[in-house]
Every structure is written in C-alpha cells, then in structure tokens.
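Scroll down for the structure; my scribbles are underneath it.
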Amino acid sequence: MEIKKITCIGAGYVGGPTMSVIAQKNPDIQVTVVDLNAQRIADWNQDDLSQLPVYEPGLDAVVAEARGRNLFFSTEVEKAIQEADMIFISVNTPTKTYGKGKGQAADLKFIELCARQIADVSTSSKIIVEKSTIPVRTAATIKNILDHTGKGVQFQVLSNPEFLAEGTAIRDLHHPDRILIGGENPEAIQALKKIYEAWVPSERIITTNLWSSELSKLVANAFLAQRVSSINSISELCEATGANVDEVANAIGQDSRIGSKFLKASVGFGGSCFQKDLLNLVYIARSYNLHAVADYWDQVIKINDHQKTRFAEKIIQTMYNTVNGKKIAFLGWAFKKDTNDTRESAAIYVADHLLEEQAEISVYDPKVLDVQIYKDLDYLATRTLEENKSLLQVETNPYDAAAGAHGLAILTEWDEFKDLDWAKIKTQMKKPAFIFDGRKLLDGKKLTEMGFVYYAIGE
Ligand code: UDX
Ligand code: ADP
C-alpha cells in the first residue's frame with residue numbers, strides 16, 4: 001500500500017498542526033486538510049502566518065515550509081476524500097449536551113457524519129485513521145458504516161491517537177515519546193508506520209490492537225489529569241498545615257517511581273481533553289456496570305471542580321467576604337500558556353463565580369480575543385451576553401486591566417506576567433492590593449516586600 005495522497009478531515013488544534021508536520025517530513029506525499037468551516041480554511045491559507053487559526057510556537061515555520069508545496073487547506077471535502085489513499089479523521093468529539101449520556105458521553109455525530117461521507121463518495125480503497133479522541137470501539141462503528149457501501153470498495157480502519165499537548169504541539173510532534181497505532185491489518189499498519197518513520201525512530205512506534213489503542217488514549221489523559229488533581233488536593237492540605245505544595249511536589253518528584261512532571265498545583269486543569277476524556281471513561285465504566293471504577297475516575301473531576309470553586313471563594317473571603325462592585329483583574333484566560341485555546345479553561349468558571357457575586361472583571365490575555373471570552377461565558381448561560389459585557393471588560397494590555405482594581409488574579413501562567421512592572425501595577429491598584437496567584441507563577445516574597453497582599457495556591 002503506497003500512500004501518495006493523504007486527506008485530513010478537520011482543520012482544528014489537532015488536525016492542523018499534525019498534518020503540517022506530516023507534510024513537512026514527507027515532502028513526496030500530498031497532504032490536504034479539509035474543513036466545513038470556510039473561515040477556518042481561509043485563515044489557514046492567509047499570508048500572515050502570525051494569524052493562523054491555531055496559535056502554536058513554531059507552527060508558522062512548519063506551515064511556511066510545506067504550504068503550497070505538498071500541504072493544502074481546502075473546503076472541497078468530497079474531492080479530497082475521493083483522491084486520498086489515507087484519510088485521517090480529526091473532527092471534534094465534544095461531550096454530549098443532549099439525550100442519553102448527556103454531560104458525559106462523547107458526541108460522535110461528527111465522526112459518524114465523516115464515515116458516512118467517506119462511504120458515500122469513495123470510489124477507491126482507503127485506509128481510515130481515527131485521530132480524534134473517541135470512546136473504545138468507535139472504530140467498529142466506523143468500519144460498520146464503511147463496510148455497507150455496497151460498492152466493493154475496501155476500507156481498513158486504524159486508530160492513531162494524538163498525544164500532542166497544546167502550546168508544545170510542534171515540539172511534541174517533532175519528538176514524540178511514542179506513536180501509537182492500533183489496527184488489525186498489518187499492511188495498513190505498515191503504511192501508516194512508514195509515514196511516521198520519516199522522522200520518528202521505529203522503536204518509538206508502538207502497534208497494538210484497535211481497542212487497546214483507543215483505550216490507551218483515554219487512560220493516558222486520565223492518568224495525567226489524575227496527577228494534577230492529586231497535587232491540587234494536596235495544595236489545600238498545604239494551605240491548612242503550613243506546608244508548601246511546590247516543596248512537597250519537588251520532594252516526591254525526586255522519587256524516580258513518581259517522577260517530577262505534571263505536579264504543578266494550579267487553579268485547576270482545563271483544555272479540550274482532560275475533562276472530556278475522564279467523563280468518557282466514567283461513562284464507559286458505568287455502561288459496563290463497573291461503578292467502583294467509574295466513581296474512582298469521577299473523583300478526579302470533582303477535585304478539579306472543587307479547586308476552581310475554592311480559588312474563587314478564596315478571593316471573595318480574602319477581600320472581606322464581598323466582591324460586590326469591586327474590580328478584579330484577570331491575567332490570563334487561556335487554559336494554559338502558549339495557546340489561544342480556552343476550552344474548559346479554569347478562568348471561565350472562576351469568572352462566572354465572581355460575576356455571580358457581582359464583581360467587575362477586567363481581563364488581559366496575550367492571545368485570546370474578546371469575542372472568545374464573551375463566547376465562553378455565554379456558553380455557560382448564567383447571564384445574558386449584555387450582562388456579561390457590562391460586568392466584564394477585555395483589555396489589550398495588563399496595566400489597563402489592573403488600573404483601579406481591588407484584586408488581581410493570575411489564571412494562566414504566561415511567561416510575560418513574570419516580567420511586568422509590578423511597582424507600576426501597585427500604584428494603579430486600590431489598597432490593600434491583593435494578588436491571587438492561581439499558577440504559583442510570581443515571586444511571592446518580592447511582591448509581599450513591595451506591599452502587595454499575596455496569596456498563592458498551596459502556600
Ligand atoms: C493533554 C495531554 O497532555 C496530551 O497528551 C493530549 O494529547 C491532550 O491533552 P493539553 O490539554 O493540550 O494536553 O495540555 P496539558 O499540558 O496536558 O495541560 C492540561 C491542563 O492541566 C492545563 O490546564 C494545565 O495548566 C494543567 N496542568 C498541567 C496543571 O495544572 N499542572 C500540571 O502540572 C500540568
Ligand atoms: P480538535 O481540538 O480535536 O482538533 P477542533 O474543534 O479544534 O477540535 O477541530 C475540529 C474541526 O473539525 C473543526 O474545525 C470542525 O469544523 C471540523 N469538522 C467537524 N465535522 C466535520 C466534517 N464532517 N467535515 C469537515 N470538517 C468537520
């Protein structure tokens with residue numbers, strides 16, 4: 001099976017960067033990324049590489065190298081499907097917002113639509129690769145739809161979950177810890193393996209059966225999320241006992257069995273994957289009547305929700321039990337640094353909580369646009385858009401956000417916040433000038449000496 005043309009359905013945070021790197025490293029393969037969203041495709045095609053729809057350090061250089069050579073972004077979905085030897089499905093799989101499994105199960109309607117479209121328009125045999133995170137046994141659904149076209153076209157379905165983290169996507173794609181390929185057909189597996197072998201050492205490419213591959217993706221994210229919830233649960237204990245969570249994390253992280261990564265206490269994990277995949281895992285476990293297993297993983301989400309609420313409550317309590325009419329500056333809105341993605345960001349929930357207490361909020365984030373911030377709040381449907389707009393202002397620099405504020409909260413660990421002119425910020429803020437560091441980003445000792453009242457998670 002020689003692959004000359006690849007199509008990827010879905011030009012989002014996963015499809016866009018992943019296909020850019022595959023094209024960069026395989027100049028002889030034509031890679032076309034398609035999306036129903038015409039604006040998104042136009043954004044991928046624009047000349048100004050600083051305005052690509054996904055912000056990732058290093059992505060602009062990869063796109064500059066491959067776009068127009070063997071990397072194309074298009075809205076012609078059917079044509080791209082027809083021409084492809086291999087099709088990656090990289091569409092969104094949000095948590096269901098209706099019907100059975102509402103709030104827990106993954107909504108597979110976009111995946112199914114893709115499968116049906118592939119079945120409808122394909123006239124030649126193809127390898128279908130699931131890239132999107134999906135529940136175990138989704139490949140069986142895809143295969144079932146594809147096998148009933150009655151056209152005699154052969155499809156092989158592979159699972160190839162993506163482990164890149166946002167903000168470090170290009171580095172993760174260039175130097176992956178491992179590539180996972182699940183499937184049944186050795187030739188199809190080999191064809192996909194060959195694409196990765198263009199830059200990934202073959203011993204880093206793991207092959208498994210389909211179901212192990214699908215489940216491994218959910219389990220990897222569940223374990224990572226569990227580590228964050230574990231250290232976050234300890235952060236509360238640290239605050240109560242006088243221990244320091246960073247010191248505890250460092251002490252336990254030196255144990256090579258535990259390891260030092262992913263032990264940074266925070267205002268809570270966000271992102272498109274952790275909560276969704278945990279919910280999914282819980283849902284799957286319940287559907288097999290494994291309630292003890294489901295409860296165990298559900299607790300990881302509960303601790304995360306608790307951490308966000310706890311942070312908002314700490315702000316209110318510290319500011320004399322009321323934030324009514326007080327201005328609170330938010331530095332950061334993205335779910336982590338170096339991305340413009342806000343999905344499930346802790347900032348959204350902390351803001352919602354404070355707005356319920358009638359606080360006024362001013363937000364500065366280096367990469368997130370005001371429309372996105374209002375969209376995020378609107379999605380919660382706690383207030384009308386007009387109410388949100390009257391209570392929350394979005395600023396284009398941190399000093400304007402802090403001017404006249406009673407308190408300032410760090411929600412995202414953007415590096416630039418460390419180097420702000422904190423003396424200037426202090427003169428602009430109301431006194432006492434409170435700082436609530438939800439990322440343990442700033443030098444608390446220095447800020448305290450400067451006269452701020454400084455609180456950080458886990459201290
Ligand atoms: C995650 C997985 O890391 C990645 O392998 C998978 O493909 C997709 O999901 P991502 O959501 O992009 O990636 O970011 P990640 O770096 O994992 O961070 C997730 C959240 O956890 C962020 O909100 C981050 O701030 C938080 N986090 C992470 C912590 O609070 N503390 C930590 O120590 C690590
Ligand atoms: P992810 O983080 O998984 O990449 P995104 O939401 O960023 O998720 O991207 C998924 C993309 O898939 C969106 O741009 C959406 O428009 C696109 N998409 C969803 N369904 C289809 C479809 N049937 N055909 C083409 N594109 C689709």
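Values as computed for the structure displayed
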item: Computed label-point distance, nm, for sites Leu113 and Ser390 using a 7 Å Cα→Cβ extension; result: 3.6 nm
item: Length-normalised contact order of the chain in % [C-alpha pairs under 8 Å, at least 6 apart]; result: 12 percent
item: Accessible area in square angstrom per residue, the chain, 1.4 angstrom probe; result: 44 Å²
item: Theoretical FRET efficiency, 1/(1+(r/R0)^6), r = Cβ-Cβ of His291 and Asn144, R0 25 Å, to 0.05; result: 0.30
item: Degrees between helix 186-196 axis and first principal axis of the chain (Cα, 0 to 90, nearest 10); result: 50 degrees
item: Using alpha-carbon coordinates, inclination of helix 274-287 to the longest axis of the chain, degrees; result: 60 degrees
item: Alpha-carbon centroid distance for the pair the range 243-292 / the range 39-101, whole angstrom; result: 30 Å
item: Relative compactness, the chain, computed as alpha-carbon Rg over 2.2 N^0.38 Å; result: 1.04
item: In Å, descending, principal axis extents of the Cα set of the range 99-170; result: 41, 36, 18
item: Carbon/sulfur fraction of accessible area - the chain, other protein chains in place, 1.4 Å, %; result: 50 percent
item: C-alpha long axis of helix 15-25 to longest principal axis of the chain, angle in °; result: 60 degrees
item: Spacing of the two label points (7 Å from each Cα toward its C-beta) at Trp199 and Glu76, in nm; result: 2.7 nm
item: Alpha carbon centroid spacing (whole Å) that separates the range 330-356 from the range 163-226; result: 30 Å
item: The range 306-366 - Rg and Dmax from Cα coordinates, angstrom; result: 11.6, 34
item: Restraint check, Lys131/Lys389; Lys102/Lys418; Lys308/Lys418; Lys314/Lys389; Lys302/Lys445, Cα-Cα greater than 29 Å; result: Lys131/Lys389; Lys102/Lys418; Lys302/Lys445
item: Full-stretch length increase - Ala61, Asn185 - with 0.36 nm per residue and alpha-carbon distance subtracted; result: 41.1 nm
item: Mean Cβ count within 10 Å, highest first, over the residues of peptides 146-154, 167-175; result: 167-175, 146-154
item: Relative contact order [Cα under 8 Å, 6+ residues apart], the range 358-459, whole percent; result: 23 percent
item: Label-point separation, Arg171 to Lys261 (7 Å along Cα→Cβ), nm; result: 1.0 nm
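The values are calculated or read from the model by the stated rules, or taken from the named source; none is laboratory data. None of these values were measured; they are calculated from a predicted model. Cβ sites come from the backbone with ideal geometry, for glycine too, and all protein chains shown count toward neighbours. To get the accessible areas, we keep the full protein, side chains included, count just its heavy atoms, and leave off ligands, DNA and RNA. Shrake-Rupley method; radii C 1.70, N 1.55, O 1.52, S 1.80 Å.
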